[in-house]
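The values are calculated or read from the model by the stated rules, or taken from the named source; none is laboratory data. These numbers were taken from a predicted model, which means no experiment stands behind them. Cβ placement follows ideal geometry from the backbone for every residue including glycine, while neighbour counts extend to all protein chains displayed.
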């Protein structure tokens, strides 16, 4: 039989006791704490060594203020001295005196009457014979309280042994919570039975050390063999902790990049400070188009101008705007300004990147994408940020068509976590035909418009030397983040609440 | 973008059949309309003009008439409800702004009618003389076109429809009346010929719309009449103001501000005179043909007006369909859809276009208002819509391509993983900053090397960041009530001016990290900086720096002869105060790579 040191200490105390002990006595004797003693006794009981008798008793437990109260005298006792000389006094005088001495009047009346010390008579408070006697002697409950205070509590049956009138104590203190409470207690008395006695007396008992942790020395010296590690309640909750983590928005960006890379797309970049040429003109946006207004686009004071690409490309773009050039289009029919094309802007979409890629290498097959910051001249609100992330993808392919665009989009959105996707016609300035994408969101039980797509117009691709279909699409990533994380306010993404970043699970 | 409520009952009336709401909504969506939702409108009668004003069922009843401007103490009385489809208007398709245009498209989609909408154009016999002064370079509104329409007598609903469409065309084509503005009049109040000329803003007088019997000069109108106040800015550059007068010198309108009260349309009006004036020839023509084509769908008969321009007469409106030759093979390839030549023609007719074979090609005629058709691909789009986007079987491009990530992204991912491994949490902040937050609070000054935004809506977006400190400090500020220490980092781009570069700027990928807490300091920062440099296999030498954002004697610049640049130091207590922070901060910033 193996016991740990504490178990042995407790059981040994039981074994050595001349009369059966209760748990409190075991605590006092062993110096161990109650939960440990109690658990050990229960274990011994379950092992069939011990019998535990339960004894119901009542304990007088002093209130926190009891010592002070008794020390200065209970209110009714203090009132005794007020009446000591005259034996009676008008109630209002008693009240005035009581107030002066800070003695609660209602306590005087209530408890003084209960004890039979005072009587009311014609508006006066009268000291009774019992009251007079009481001035010399303490009442039963007062005696009891003095013992209880001294011992930190006393059982009522022990008081009976001291000739204190327990019934009077109960009557006077049973409902006086300011002074004390009488609490029912179950006293467990431990009896060692024959089985227990013979086992504990036998030589088979092995005492081991029990610990919460092993020291490095315990482990390396082999001492751990003599140590038993305490068992834990493995079901208990722990304090919460969250790892340092990637930002919510960054995670969406990285997922988006991964989706494109897995689909065989090459990643590209282009400048954030962009020329109006690449942001608008190359995309066949007429120079008086409202999207180019100062209202919507950030223009720059510094740098004020960008360089344009080769004169030949510029000329072709100019002619396409003016009369369609050789693209088969009628063009917009206005005089195109090179100066306006040189203006610098903060790019308004990442299509500026993909269109640069078309010009840089128009030979199919190519698939490229760009994730980056784009800018709109709007004030910060719950719905709008002046800067946000966009992703744009294009496919330059001989066999590109509306059907293959929609097929590619379906795959792309599936990779982004949307199984159900549908399309409807839409109108964008630089694609024809165009399709708006809606995804089904399980959590909202709704179709959400989420991204635009189309085939670049020939007016866009041909001046840049590309003569095959270019499939293009783009979407805003903050919107995806808001849907994903259930945010109502777009600014929450950039408030960078450290706790929030840590709390949101990586797996969404 | 404006949202317009289209009555389902009105659409069905025009379609001549009773379609369910769902069928109408689905049809409109498949035609490309942006259906916001369906709703029930409550209709309220204006006590002054009887015109129905509508509100969404949950909105407050109106007290002011949106048509005549009448205001009453008591809310108007509700007399009916109407089931509507609410559409976000598409700027590119003004022909789909109103019940007339939408019913025309739906008739095709629902296969009630096909091909071009048929109508005849008569001659009104009305002439308009355009004063040569109107085309003086840079002055006045040089362009004007007109039309006459015989219509079923106007009632409250049709009057309201026309006014709404006029308003939306002002938005969609007219750039809020600047490029084009429309006037609609009761022709029976007017005696031809009509003159388009100018008047003096001070001496001339007439009664503006809504103020019968009140004579006002043009300038008084700009100062006092609500429409005058609203559109005054369009007249700023004029010395004299444009005016339309009839043969008896009765004012029709002062474009683009206001009509006269005498010539206004009213209940029972059955002949409309319409003018569109403006700064853009295309816009005035587009506005007129779109408007009259819509009115034709509502039962109107168009008649031309003889316009006597300084360079010769011309009859308007010209509703001759446009034509474009398109290739069946090109269309099939562009769309990748399984249709044959017969389907091809059917789909186009369904989209209210006419199509006839023309050698190897097909000649497609499209209505005059379809100014969005500039290229054969625009017709391809109609073809795809006629085919039905919902019927498209998606396929994927079969060509193999190799995926490739950008080098700075690969490197950033590695550094991000390392920083998270070191217990730092990632933050993200904005590139646009105010001068105060980006420079002043760090004891820095905006100098000639910084990108500056010309037209930000607020000062919060005046400069583009060229260092990463602002985002870090703002984040600490936002988290200042939370337990310290806090460790954060950001990886992002900063932008510097670069005269050699194509767009005048260079972009760099930077790492910034920082720790705030009672016990942090330079030594802890140095450990982190060294760890990151080690991971990058970069070597650099530390030299004391003199940076105004850092405590003197406690900052370093780390460089080597291969272009390494990094900064490390304890943030100056004054800067801590500027950001409302009460614990020391050690901050490091490292240039990872040039991106552009």
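Of the numbered criteria (1) modelled with pLDDT of 95 or more; (2) more than 11 Å from chain A (Cβ to nearest Cβ), the one residue B:420 fails is (2). Look at (1) more than 30 Å from residue B:472 (Cα to Cα); (2) more than 10 Å from chain B (Cβ to nearest Cβ); (3) assigned to a helix (DSSP H, G or I) and you find that residue A:407 fails only one, number (2).
With the condition kept exactly as written, say whether any residue in region A:186-195 is more than 14 Å from chain B (Cβ to nearest Cβ), over 21 Å from residue A:4 (Cα atoms), under 43 Å from the mean Cα position of the chain (by Cα) and in a loop (DSSP other than H, G, I, E, B). No: zero hits.
Within region A:471-505, restricting attention to residues that are part of a loop (DSSP other than H, G, I, E, B) and within 11 Å of chain B (Cβ to nearest Cβ), which residue is farthest from residue B:430 (Cα to Cα)?
So the first thing to find is which residues in region A:471-505 are part of a loop (DSSP other than H, G, I, E, B), and the list is A:486-489, A:495-497, A:504-505.
Narrowing further to those that are within 11 Å of chain B (Cβ to nearest Cβ): A:495-497.
Details: A:495: 10, A:496: 11, A:497: 15 Å.
So, considering only residues that are part of a loop (DSSP other than H, G, I, E, B) and within 11 Å of chain B (Cβ to nearest Cβ), the one farthest from residue B:430 (Cα to Cα) is A:497.
Criterion applied to B:488, B:516 was being at negative phi, crowded, with 20+ Cβ neighbours inside 10 Å and more than 9 Å from every other protein chain (Cβ to nearest Cβ), and the one residue passing it is B:516. Restricting attention to region A:388-399 and to residues that are at pLDDT 95 or above and at the interface with chain B (Cβ under 7 Å from one of its Cβ atoms), the residue that is surrounded by the most Cβ atoms within 10 Å (Cβ to Cβ) turns out to be A:395.
Scanning region A:411-433 for residues that are at the interface with another protein chain (Cβ under 8 Å from one of its Cβ atoms) and farther than 22 Å from residue A:263 by Cα, which turns out surrounded by the fewest Cβ atoms within 10 Å (Cβ to Cβ)? Spell out the reasoning first.
Start the filter on region A:411-433 by keeping residues that are at the interface with another protein chain (Cβ under 8 Å from one of its Cβ atoms), which leaves A:411, A:422-427, A:429, A:432-433.
Next, from what is left, pick out any that are farther than 22 Å from residue A:263 by Cα: A:424-427, A:429, A:432-433.
Details: A:424: 23, A:425: 20, A:426: 22, A:427: 20, A:429: 18, A:432: 28, A:433: 26.
For region A:411-433, the residue satisfying everything is A:429.
In region A:194-222, the residue that is nearest to residue A:42 (Cα to Cα) out of those that are surrounded by 13 or more Cβ atoms within 10 Å (Cβ to Cβ) and modelled with pLDDT of 90 or more is A:214. Total residues in region B:388-417 satisfying the condition of being under 28 Å from residue A:437 (Cα atoms), more than 9 Å from chain A (Cβ to nearest Cβ) and assigned to a helix (DSSP H, G or I): the figure is 1.
One residue stands out among those in region B:371-386 that are in contact with a strand residue (DSSP E or B) (Cβ under 7 Å, 6 or more places away or on another chain) and more than 8 Å from chain A (Cβ to nearest Cβ): the one that is surrounded by the fewest Cβ atoms within 10 Å (Cβ to Cβ), which is B:373.
Looking at B:483, B:543, which is the one that is loosely packed, with under 15 Cβ neighbours inside 10 Å and part of a strand (DSSP E or B)? Walk me through how you get there before you give the answer.
Values: B:483 fails: part of a strand (DSSP E or B).
Result: B:543 is the single residue among B:483, B:543 that is loosely packed, with under 15 Cβ neighbours inside 10 Å and part of a strand (DSSP E or B).
Could you say whether any residue in region B:509-527 is in the same structural domain as residue B:467 (by TED's automatic domain parsing), in contact (Cβ under 8 Å) with a residue 24 or more places away in the chain and closer than 22 Å to residue A:347 by Cα? Yes - at least one qualifying residue is present in region B:509-527. Residues in region B:207-229: is at least one in contact (Cβ under 8 Å) with a residue 12 or more places away in the chain, assigned to a loop (DSSP other than H, G, I, E, B), within 21 Å of residue B:135 (Cα to Cα) and in contact with a strand residue (DSSP E or B) (Cβ under 9 Å, 6 or more places away or on another chain)? Checked region B:207-229: no residue is in contact (Cβ under 8 Å) with a residue 12 or more places away in the chain, assigned to a loop (DSSP other than H, G, I, E, B), within 21 Å of residue B:135 (Cα to Cα) and in contact with a strand residue (DSSP E or B) (Cβ under 9 Å, 6 or more places away or on another chain). Checking the condition in contact with a strand residue (DSSP E or B) (Cβ under 6 Å, 6 or more places away or on another chain), within 12 Å of residue B:265 (Cβ to Cβ) and outside any loop (DSSP other than H, G, I, E, B), which residue from B:128, B:148, B:184 passes? Only one candidate passes the filter, namely B:184.
Taken over region A:131-165, the criterion of being surrounded by 12 or more Cβ atoms within 10 Å (Cβ to Cβ), in contact (Cβ under 8 Å) with a residue 12 or more places away in the chain and not in a helix (DSSP H, G or I) is satisfied by A:135, A:139, A:153, A:154, A:155, A:164, A:165.
So is residue B:443 under 30 Å from the mean Cα position of the chain (by Cα) and either within 11 Å of chain A (Cβ to nearest Cβ) or in contact (Cβ under 8 Å) with a residue 24 or more places away in the chain (or both) or not? No; evaluated as a whole, the condition is false for this residue.
A count restricted to region B:446-469 and to residues that are within 11 Å of chain A (Cβ to nearest Cβ), part of a loop (DSSP other than H, G, I, E, B), closer than 26 Å to residue B:577 by Cβ and without any contact (Cβ under 8 Å) to a residue 40 or more places away in the chain stands at 5.
Is it fair to say residue B:363 is away from chain A (no Cβ under 12 Å) and in contact with a helix residue (DSSP H, G or I) (Cβ under 9 Å, 6 or more places away or on another chain)? Considered against the rule, which asks whether it is away from chain A (no Cβ under 12 Å) and in contact with a helix residue (DSSP H, G or I) (Cβ under 9 Å, 6 or more places away or on another chain), residue B:363 comes out as no. The number of residues in region A:305-330 that are in a loop (DSSP other than H, G, I, E, B) and more than 8 Å from chain B (Cβ to nearest Cβ) comes to 5.
Scanning for something free of Cβ contacts under 8 Å to residues at least 12 places away in the same chain, over 26 Å from the mean Cα position of the chain (by Cα) and surrounded by fewer than 24 Cβ atoms within 10 Å (Cβ to Cβ), does region B:249-263 turn up at least one residue? Within region B:249-263, one or more residues are free of Cβ contacts under 8 Å to residues at least 12 places away in the same chain, over 26 Å from the mean Cα position of the chain (by Cα) and surrounded by fewer than 24 Cβ atoms within 10 Å (Cβ to Cβ).
Of all residues in region B:1-41, those that are without any contact (Cβ under 8 Å) to a residue 40 or more places away in the chain and over 26 Å from the mean Cα position of the chain (by Cα) total 5.
Please indicate, with yes or no, whether at least one residue in region A:331-338 is over 22 Å from residue B:504 (Cα atoms), within 11 Å of chain B (Cβ to nearest Cβ) and crowded, with 18+ Cβ neighbours inside 10 Å. Full working, then the answer.
Of the residues in region A:331-338, the ones over 22 Å from residue B:504 (Cα atoms) are A:331-336.
From what's left, within 11 Å of chain B (Cβ to nearest Cβ): A:331-334.
This time we only want the ones that are crowded, with 18+ Cβ neighbours inside 10 Å, so: A:331-332.
The answer is yes; a qualifying residue exists.
Here residue B:535 clears all of (1) touching a residue at least 60 places away in the same chain (Cβ under 8 Å); (2) in a loop (DSSP other than H, G, I, E, B); (3) farther than 23 Å from residue A:494 by Cβ except the condition numbered (2).
On the basis of being in a loop (DSSP other than H, G, I, E, B) and either over 27 Å from residue A:251 (Cα atoms) or not assigned by TED's automatic domain parsing to the domain that holds residue A:284 (or both), does residue A:468 make the cut?
Working: in a loop (DSSP other than H, G, I, E, B): yes; either over 27 Å from residue A:251 (Cα atoms) or not assigned by TED's automatic domain parsing to the domain that holds residue A:284 (or both): yes.
Answer is yes for this residue.
Suppose we filter region A:227-244 for residues that are within 14 Å of another protein chain (Cβ to nearest Cβ) and surrounded by 10 or more Cβ atoms within 10 Å (Cβ to Cβ); how many remain? Talk me through it step by step, then tell me what you get.
Let us first name the residues in region A:227-244 that are within 14 Å of another protein chain (Cβ to nearest Cβ), namely A:239-244.
Imposing the further condition that a residue be surrounded by 10 or more Cβ atoms within 10 Å (Cβ to Cβ) reduces the set to A:242-244.
Of the residues in region A:227-244, 3 are within 14 Å of another protein chain (Cβ to nearest Cβ) and surrounded by 10 or more Cβ atoms within 10 Å (Cβ to Cβ).
Pairing each residue of region A:407-427 that is closer than 20 Å to residue B:377 by Cα and in the same structural domain as residue A:475 (by TED's automatic domain parsing) with any residue that is at pLDDT below 90 and in a strand (DSSP E or B), provided the two are 6+ apart or on different chains, yields no C-beta distance under 7 Å. Every condition in (1) in contact (Cβ under 8 Å) with a residue 60 or more places away in the chain; (2) more than 10 Å from every other protein chain (Cβ to nearest Cβ); (3) crowded, with 17+ Cβ neighbours inside 10 Å holds for residue B:437 except the one numbered (1).
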